[in-house]
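Colleague: Following this message is one structure expressed as structure tokens.
The values are calculated or read from the model by the stated rules, or taken from the named source; none is laboratory data. Owing to the predicted nature of the structure, the values given are computational and were not obtained by experimental measurement. Heads up, the Cβs are rebuilt from the backbone with ideal geometry, glycines too, and the neighbour counts pull from every protein chain shown. Side chains included, ligands, DNA and RNA excluded: accessible areas come from the protein's heavy atoms. Shrake-Rupley method; radii C 1.70, N 1.55, O 1.52, S 1.80 Å.
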Amino acid sequence: MTLLPQIQVEGGAEWLARTATQCLIDEARLSPKPGLVDSRGNGAHHDLSLALMERSAHSLTSTFQALAQQSWRRPADIALRQTVGRLGREGERQMMIATDGVNTHRGAIWALGLLVSAVAMLGGDARAQTVANTAAQLAKLPDDAAPKVFSKGLRATHRYRVPGAREEAQQAFPHVMQRALPQLRLSRLNGSSETNARLDALMAIMTSLTDTCVLSRAGMEGLDAMQNGARAVLNAGGCATLAGQQALARLDRQMLTLNASPGGAADLLAATLFLDRVETPYSKH
């Protein structure tokens with residue numbers, strides 16, 4: 001069953017790029033997010049702002065479109081993996097130019113880039129689990145041209161011996177498929193506003209993700225605070241309830257005190273919004 005309209009490659013690629021960009025913007029604007037940039041302010045960051053995040057997202061539209069064009073109805077093989085890697089690195093350079101050297105969306109380029117490519121590989125068949133599985137096939141393939149320099153995230157995965165963004169993709173995005181997407185849709189069914197449903201989805205990710213952004217900035221203390229605080233929000237009934245909102249405010253204060261920002265969770269929320277939207281392109285979100 002094909003849920004995206006069967007249109008020409010160009011039209012499909014343009015739609016996917018526009019959708020991925022909008023999901024990055026929606027994630028950035030979502031408020032209140034603990035420790036993260038949102039419409040209230042800069043969170044735990046001194047070098048980020050909502051305007052910068054939105055500028056960064058728009059700078060990536062052409063990258064997402066190129067990824068979709070190059071991946072359309074192609075199999076997961078080394079050649080495509082290397083093309084995706086090259087386009088992702090070019091997109092990263094565009095992002096850095098747009099942000100004057102600030103890393104706003106490196107993790108999101110990886111996650112959303114793979115998912116955009118996966119939808120295109122399937123010719124627009126946008127069932128979320130199929131897309132996640134296809135993205136995983138691609139993520140498992142080697143890219144010899146990838147830089148050997150360790151990012152902060154990779155250093156954190158080695159130091160604390162935890163999985164990171166690479167493993168999340170290679171395992172078909174379990175935090176998206178098993179936690180965030182079900183929570184997003186459950187909260188909607190239970191009558192939550194779209195904002196609260198998205199915040200609940202973010203909390204669902206944060207309950208168990210080994211967020212390397214948090215680990216890099218605040219170590220295991222920060223990670224424990226994030227996971228326990230997110231569980232407290234959901235256990236209180238989620239962000240639609242007064243108790244859940246109070247728990248969220250406590251978590252926000254704690255993240256700011258620890259200078260911790262769950263950027264990895266934010267990237268996966270954007271991926272969740274993307275899969276939700278491509279699976280149900282005509283529903284109102």
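Colleague: Between ALA225, ALA260, which is part of a helix (DSSP H, G or I) and open to solvent by less than 50 Å² (accessible area, probe 1.4 Å)? Break it down stepwise before answering.
Modeller: Working: ALA260 fails: part of a helix (DSSP H, G or I).
After ruling out the rest, the residue left standing is ALA225.
Colleague: With respect to the numbered conditions (1) outside any helix (DSSP H, G or I); (2) modelled with pLDDT under 95, which one is the sole condition not fulfilled by LEU209?
Modeller: Status for LEU209: all satisfied but (2).
Colleague: Being more than 25 Å from SER59 (Cα to Cα) and in contact (Cβ under 8 Å) with a residue 60 or more places away in the chain is the filter here; which residues of segment 99-147 pass it?
Modeller: Within segment 99-147, ASP125, ARG127, ALA128, GLN137, LEU141, PRO142, ASP144 qualify.
Colleague: Taking ARG74 as meeting all but one of (1) part of a helix (DSSP H, G or I); (2) within 23 Å of ALA139 (Cβ to Cβ); (3) touching a Leu at 6+ places or on another chain (Cβ under 7 Å), write down the number of the exception.
Modeller: (1)
Colleague: If you scan segment 203-222, which residues turn out to be within 21 Å of SER39 (Cα to Cα) and either in contact with a Cys (Cβ under 9 Å, 6 or more places away or on another chain) or open to solvent by 60 Å² or more (accessible area, probe 1.4 Å) (or both)?
Modeller: If the condition is that a residue be within 21 Å of SER39 (Cα to Cα) and either in contact with a Cys (Cβ under 9 Å, 6 or more places away or on another chain) or open to solvent by 60 Å² or more (accessible area, probe 1.4 Å) (or both), then MET203 is the only one that fits.
Colleague: Select from segment 21-48 the residues that are touching a strand residue (DSSP E or B) at 6+ places or on another chain (Cβ under 8 Å), in a helix (DSSP H, G or I) and buried (at least 20 other Cβ atoms within 10 Å of the Cβ) and list them in ascending order. Even if it seems obvious, please write down each step before you answer.
Modeller: Residues of segment 21-48 that are touching a strand residue (DSSP E or B) at 6+ places or on another chain (Cβ under 8 Å), as a first pass: 28-32.
Retained after the next criterion (residues that are in a helix (DSSP H, G or I)): 28-29.
If the condition is that a residue be touching a strand residue (DSSP E or B) at 6+ places or on another chain (Cβ under 8 Å), in a helix (DSSP H, G or I) and buried (at least 20 other Cβ atoms within 10 Å of the Cβ), then ALA28 is the only one that fits.
Colleague: Further question: Which residues, taken from segment 6-20, are out of contact with any helix residue (DSSP H, G or I) (no Cβ under 8 Å at 6 or more places or on another chain) and assigned to a loop (DSSP other than H, G, I, E, B)?
Modeller: Filtering segment 6-20 for residues out of contact with any helix residue (DSSP H, G or I) (no Cβ under 8 Å at 6 or more places or on another chain) gives 6, 8, 11, 15.
Across segment 6-20, the qualifying residues are GLN6, GLN8.
Colleague: Here is a follow-up. Since GLN22 meets every condition but one in (1) over 23 Å from THR212 (Cα atoms); (2) out of contact with any Lys or Arg (no Cβ under 9 Å at 6 or more places or on another chain), which condition does it not meet?
Modeller: Failing condition for GLN22: (2).
Colleague: Also: Does ASP267 meet the test of being part of a helix (DSSP H, G or I), at pLDDT 95 or above, open to solvent by less than 20 Å² (accessible area, probe 1.4 Å) and under 30 Å from GLN129 (Cβ atoms)? Even if it seems obvious, please write down each step before you answer.
Modeller: Details: part of a helix (DSSP H, G or I): yes; at pLDDT 95 or above: yes; open to solvent by less than 20 Å² (accessible area, probe 1.4 Å): no; under 30 Å from GLN129 (Cβ atoms): yes.
Against the criterion (part of a helix (DSSP H, G or I), at pLDDT 95 or above, open to solvent by less than 20 Å² (accessible area, probe 1.4 Å) and under 30 Å from GLN129 (Cβ atoms)), ASP267 does not qualify.
Quick grid of which residues meet (1) within 17 Å of SER187 (Cα to Cα); (2) free of Cβ contacts under 8 Å to residues at least 40 places away in the same chain:
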position: VAL233; (1), (2): yes, yes
position: LEU248; (1), (2): yes, no
position: PRO262; (1), (2): no, no
position: LEU275; (1), (2): yes, no
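Colleague: Looking only at segment 49-64, which residues are closer than 15 Å to ALA111 by Cα and buried (at least 22 other Cβ atoms within 10 Å of the Cβ)? Can you show your working first?
Modeller: If we filter segment 49-64 for residues that are closer than 15 Å to ALA111 by Cα, which is where we start, we get 57, 60-61, 63-64.
Once the filter is applied, which keeps residues that are closer than 15 Å to ALA111 by Cα and buried (at least 22 other Cβ atoms within 10 Å of the Cβ), segment 49-64 yields ALA57, LEU60, THR63, PHE64.
Colleague: What number of residues within segment 176-191 are open to solvent by 60 Å² or more (accessible area, probe 1.4 Å), closer than 20 Å to THR210 by Cα and aliphatic (A, V, I, L, M)?
Modeller: 0
Colleague: Which count do you get for residues in segment 161-202 that are over 19 Å from ASP26 (Cβ atoms) and in a loop (DSSP other than H, G, I, E, B)?
Modeller: 8
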